[in-house]
Amino acid sequence: MSSTTQTTQALRPDRKKSRLHLDILGLGIALVMVFPVYWLVISALRPNREIRSYDQTLWPTSITFDNFVRATEQPNFGTAIQSSLIVAVTAVVGGMIIATLAALAIGRFRFFGRKALVLIMILVQMLPPTAMLIPIYAQLNAMGGIDEYWGLIVVYLVSTLPFATIMIRGFVVNIPVELEESAMVDGCTRFQAFRRVIFPLLAPGLAAASIFALVNAWNEYLFAYILINDNSKYTLNVWLMTFTTERGTDYGALMAASTMIAIPVVVFFMIIQKKMATGLTSGAVKG
């Protein structure tokens, strides 16, 4: 047996031990991340008396669905769903359209200030949204956008544009321009070439960018709370405040409502998870 083979066999136990340690570490991190979600769901199924008890257990002694019933019977539940759907869907669809057009322009055409534009988008993405809260409020107030859906939609749409544009641009530059030119030679217009050739190849990038935009629009609280003051236009996250009254907080119904609010994003993520995983890696190969 050669010395190289003996050395390789000697290293294998160390490699297996190292891999086992990494697996244990990964499992521990996963448990820490999953536990808050587990506690949310379990609390939604506990009776209120058990939630308020000092003797907490990892599994409820009794399971009830009364919390979900009270959550759905809370005033403005239907209007809150409607408001969140209007704002989130419009912001995501509008953001993806504008980001795709911007990514095509930056990735396909050469124009003055192109690199500066990309740099500005990166710098804007680094700014915390709360730092721009006062000027955004003042500008929307002057334009009549307070208590209007379109004001909140514009804020969510603009906040996701830099990230979505940069991500989709990574896919655009990876698509050979010859594919588009071949389609145009065969008789397609530029728009037809984009729809039939380019757009299907951009699907993974659009999936990754859309889930980011959806999470941002669906789960955001601060801007929705500041810009919408009409109870009938509250989004779901602001509507959760109604579970806290002068008599206290209905924690069971609050947990049940929070669980229901999380379901649409989870379902959307499960539908596009394969394309999203591809989008998060493929678009970063070249840029």
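The values are calculated or read from the model by the stated rules, or taken from the named source; none is laboratory data. Keep in mind that what you see is a predicted model, and the values were worked out from it rather than measured. Here the Cβ positions follow ideal geometry from the backbone for every residue, glycine too, while neighbour counts run over all protein chains shown. When the accessible area is computed, the model is the full protein with side chains, heavy atoms only, and any ligands, DNA or RNA have been set aside. Shrake-Rupley method; radii C 1.70, N 1.55, O 1.52, S 1.80 Å.
Structure summary
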item	result
Distant-in-sequence amide H partners of THR249 (H built 1.01 Å from N, under 5 Å)	none
Computed magnitude of the charge dipole of the chain (debye, nearest 20; Cβ of K, R +1, Cβ of D, E -1)	1140
Candidates ILE122, ILE81, ILE24: whichever shows maximal mean-square fluctuation once the chain is modelled as a Gaussian network with Cα springs under 10 Å	ILE24
Per residue solvent-accessible surface (Å²) - the range 76-249, probe of 1.4 Å	52
CD proxy at 222 nm, helix term only [per DSSP H run n ≥ 4: -39500 (n - 2.57); per residue of the chain; nearest 500]	-24500 deg cm²/dmol
Karplus-derived 3J(HN,Hα), 6.51/-1.76/1.60, for each residue of the range 116-133, Hz, glycine and proline x	5, 5, 4, 5, 5, 4, 5, 5, 5, 5, 7, 6, x, x, 5, 5, 9, 5
Gaussian network model of the chain, Cα within-10 Å springs - most flexible of GLU246, GLU220, GLU181	GLU246
Gaussian network model of the chain, springs between alpha carbon atoms under 10 Å - residue of LEU214, LEU20, LEU152 with greatest fluctuation	LEU20
Exposed chymotrypsin sites (Phe, Trp or Tyr not before Pro) absent - longest run of the chain, DSSP non-H/G/I/E/B, at most 10 other C-beta within 10 Å	113-287
Whole-percent carbon and sulfur share, accessible surface of the chain, 1.4 Å	68
Length-normalised contact order for the chain - Cα pairs under 8 Å, 6+ apart - percent	30
Whole-angstrom Cα spans of the range 76-249 along principal axes, big to small	70, 33, 26
Translational diffusion of the range 107-181, µm² s⁻¹ [Kirkwood Rh, Cα pairs; Stokes-Einstein; 20 °C; 1.002 mPa s]	146
For the range 141-147, 3J(HN,Hα) per residue [Karplus equation, 6.51 cos²θ - 1.76 cosθ + 1.60, θ = phi - 60°, Hz, x = Gly/Pro]	5, 5, 8, x, x, 6, 6
